[in-house]
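Below is one structure, written out as structure tokens, with a few remarks after it.
The values are calculated or read from the model by the stated rules, or taken from the named source; none is laboratory data. Predicted model, so just to flag it, every value in this text is computed and none were measured. FYI the Cβ positions are ideal-geometry reconstructions off the backbone, even for glycines, and counts take in every protein chain you see. For accessibility, only protein heavy atoms count, side chains too; no ligands or nucleic acids. Shrake-Rupley method; radii C 1.70, N 1.55, O 1.52, S 1.80 Å.
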Amino acid sequence: MTGDSVQILIAMVCYMVVVIGIGAAFAKRANQSSENYFIGGRTLGPWVAAMSAEASDMSGWLLMGLPGVAYWCGIADAAWTAIGLAVGTYLNWLIVAKRLRRYSLVAGNAITVPDFLSNRFHEKKKVIMTIASVFILVFFAVYAGSCFVTCGKLFSKLFGQSYQLMMVLGALFVLLYTFLGGFLAESASDFMQALVMIFALVTVLVLGVSSAGGFTAVVENARSIPGFFDFFFTATPQVDANGVQQLSAAGQPLFGEAAPYGLLTVLSTLSWGLGYFGMPQVLLRFIAIRRTSELTQSRRIATVWVVISLTAAVLIGTMGRALLPTALGTASQAENVFVVLSRLLLHPLFAGLVMAGILAATISSSDSYLLIAASAFSKNLYQGILKKDATDKQIMTVSRLALLIVATVGVIIALDENSVIFTIVSFAWAGFGATFGPLVLFSLFWKHTTRAGAIAGMLGGGGMVFFWKLVLKPLGGLWGIYELLPAFVFSCILIVVVSLLTKAPSDEIQAEFDRAKTAD
């Protein structure tokens, strides 16, 4: 290991010690009850709620996946995704947050998303709770896998060690941290990690643009590549049979003709924003905030953070093509552009802090994913269905067992070092967005949504994500759009049609719906 690598490691270890310290500090309070462990007793302030929601949502793909897409094929895919996410963030905090905070209290003081959906329809047989919990376990295992891929790529690139070894060590660190402090520790550290992430992005962007000769030089380089700096075309790197970009006789990367980025593709990419309405890690912050009145401030904080962070991530990928035109030869390697730039531009100790930004993003997301998956199993499946008289101590024990299982599945998913983080995340994002997004919206704002409609919407939306991704999308053409958009629309149609065809909700459910409008 070189001297630079040692300094980077020292900075990152110091950061990890701080994170573990936060977990230890909250451990006693978190373990007082399952409500404290899973939602922190509804005590989050507006800054922590906003920053932890966005940090847990963005994950390592913000610093690796999104810049990698921009570096590899230009701004179209990355920029339209970023725009969709920014709009989705704002609308979710504006439309969903207050209503969900109020309704979760009225609906049996629900502390998880499956809890809320089941209580909303006054279930006796916990069908909605079971379906919701199973989908959470499946998609969060995929999400955790994407985070572990980030850890593996980061550490193997930095220290020249085996990807698989580094990935497993990263997973063990995340697991240890989540074991310790639960939701409060996760949210408090996520606040700090959100600050580290945005600092890392802005620092690398400013220094990189300066090293490239200024913003004008970066733009001119991007425009010299067909379709690279265009919202309605995308660059097409010429690659060999192994997916490695070919070089010209002069040693410059080769690109083919620009490929059209049509209106349908734009709409399907913008549909990333629809995913927010179904993201359990974000919805949980709405439930856990201290007071409903503080959500307005949280919305402003979250929106500003997201706009700055996403813009910086896309521009880093664009700037990376000017500074590192041939350094990253495959789509998978392109996701290291942020890591390589950090080492190139910064003193090793500062580079270590910036690397901690990637680690921060990964930790802040993976601990959320593991914790929510554990709550889905222990609170919703174990206590809600299998052992209704389970004690708090038993629930906590089962939740930690669930953490181990989900983390193990995530590690298995992450074993392939050629995995593309952006691709893994996009599938899990579509899964949550289509399974829960339409149902959350209809549950909050349409009084006549029925239990049968809810079940149909979840099964149809989640099932369509798999069907579209695995069966229809490979056909190309019109079928090649992002699976979230058709699955989301299909789920909405099923909820409306089935609700209209089945018996209307009881007077009690409708009265509760009306009370939720003004509860606090």
Just to be sure I understand the filter: pairs with C-beta atoms under 6 Å, separated by 6 or more residues or on different chains, first member in the range 243-254 and in contact (Cβ under 8 Å) with a residue 12 or more places away in the chain, second member surrounded by 13 or more Cβ atoms within 10 Å (Cβ to Cβ) and β-branched (Val, Ile, Thr). Which pairs pass?
Gly243/Thr330; Val244/Thr330; Gln245/Val239
Residue among Gly213, Gly262, Gly227 that is out of contact with any helix residue (DSSP H, G or I) (no Cβ under 6 Å at 6 or more places or on another chain) and buried (at least 21 other Cβ atoms within 10 Å of the Cβ)
Gly227
When residues of the range 273-285 are limited to those that are open to solvent by less than 10 Å² (accessible area, probe 1.4 Å) and either modelled with pLDDT of 90 or more or of a type in the set (A, V, I, L, M) (or both), the one farthest from Asp115 (Cα to Cα):
Gly273
Given the conditions (1) open to solvent by 10 Å² or more (accessible area, probe 1.4 Å); (2) touching a strand residue (DSSP E or B) at 6+ places or on another chain (Cβ under 9 Å); (3) hydrophobic (A, V, I, L, M, F, W, C), and given that Val304 satisfies all but one, which numbered condition is not satisfied?
(2)
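Residue-wise test of (1) without any contact (Cβ under 8 Å) to a residue 12 or more places away in the chain; (2) closer than 20 Å to Phe277 by Cα; (3) among the basic types (Lys, Arg).
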{"residue": "Phe442", "(1), (2), (3)": "no, yes, no"}
{"residue": "Gly460", "(1), (2), (3)": "no, yes, no"}
{"residue": "Lys469", "(1), (2), (3)": "no, no, yes"}
{"residue": "Lys473", "(1), (2), (3)": "yes, no, yes"}
{"residue": "Gly477", "(1), (2), (3)": "yes, no, no"}
{"residue": "Val496", "(1), (2), (3)": "no, yes, no"}
{"residue": "Ile509", "(1), (2), (3)": "no, no, no"}
{"residue": "Ala516", "(1), (2), (3)": "no, yes, no"}
Residues in the range 465-484 that are closer than 20 Å to Ser133 by Cβ and surrounded by fewer than 24 Cβ atoms within 10 Å (Cβ to Cβ): how many?
1
Report yes if some residue within the range 226-235 is of a type in the set (D, E, K, R), closer than 14 Å to Gly74 by Cα and not in a helix (DSSP H, G or I); otherwise report no.
yes
May I ask you to say which residue of Leu439, Leu459 is farther than 30 Å from Met64 by Cα, at pLDDT 95 or above, crowded, with 24+ Cβ neighbours inside 10 Å and under 22 Å from the mean Cα position of the chain (by Cα)?
Leu439
Residues that are among the polar types (S, T, N, Q) and within 20 Å of Leu381 (Cβ to Cβ), drawn from the range 125-181:
Thr130, Ser133, Thr178
Residues Ser156, Ser187, Ser210, Ser146: which one is among the hydroxyl-bearing types (Ser, Thr, Tyr) and at pLDDT 85 or above?
Ser210
Confirm whether Asp514 is open to solvent by 40 Å² or more (accessible area, probe 1.4 Å), in contact with a Lys or Arg (Cβ under 7 Å, 6 or more places away or on another chain) and modelled with pLDDT under 95.
no
Please go through (1) touching a Phe, Trp or Tyr at 6+ places or on another chain (Cβ under 8 Å); (2) open to solvent by 10 Å² or more (accessible area, probe 1.4 Å) for Arg120 and return the number of the only condition it doesn't satisfy.
(2)
Determine whether Gly410 is at pLDDT below 75, in contact with a helix residue (DSSP H, G or I) (Cβ under 7 Å, 6 or more places away or on another chain) and either in a helix (DSSP H, G or I) or within 18 Å of Leu158 (Cα to Cα) (or both).
no
From the options Ala241, Ala302, Ala313, residue that is small (Gly, Ala, Ser) and part of a loop (DSSP other than H, G, I, E, B):
Ala241
The lone condition Asn119 fails out of (1) assigned to a helix (DSSP H, G or I); (2) touching a residue at least 60 places away in the same chain (Cβ under 8 Å); (3) not hydroxyl-bearing (Ser, Thr, Tyr) is (2)
Are any residues in the range 159-170 farther than 23 Å from Ala55 by Cα and at pLDDT 80 or above, and if so, which ones?
Gln161, Ser162, Tyr163, Gln164, Leu165
Give the residues of the range 391-407 that are open to solvent by 70 Å² or more (accessible area, probe 1.4 Å) and of a type outside the set (S, T, N, Q), sorted by residue number.
Lys393, Leu401, Leu404, Ile405
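Being in a helix (DSSP H, G or I), modelled with pLDDT under 85, open to solvent by 10 Å² or more (accessible area, probe 1.4 Å) and closer than 30 Å to Arg321 by Cα narrows it down to one residue among Leu381, Leu353, Leu359, Leu344; which is it?
Just one listed residue meets the conditions, Leu353.
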Just checking, which of Leu91, Leu100, Leu85 is out of contact with any Leu (no Cβ under 7 Å at 6 or more places or on another chain) and in a helix (DSSP H, G or I)?
Leu91
Quick one: is Thr203 open to solvent by 20 Å² or more (accessible area, probe 1.4 Å), in contact with a Ser or Thr (Cβ under 9 Å, 6 or more places away or on another chain), part of a helix (DSSP H, G or I) and of a type in the set (S, T, N, Q)?
yes
Only one of (1) farther than 28 Å from Phe228 by Cβ; (2) crowded, with 22+ Cβ neighbours inside 10 Å; (3) out of contact with any Phe, Trp or Tyr (no Cβ under 8 Å at 6 or more places or on another chain); (4) modelled with pLDDT of 75 or more fails for Lys388. Which number is that?
(2)
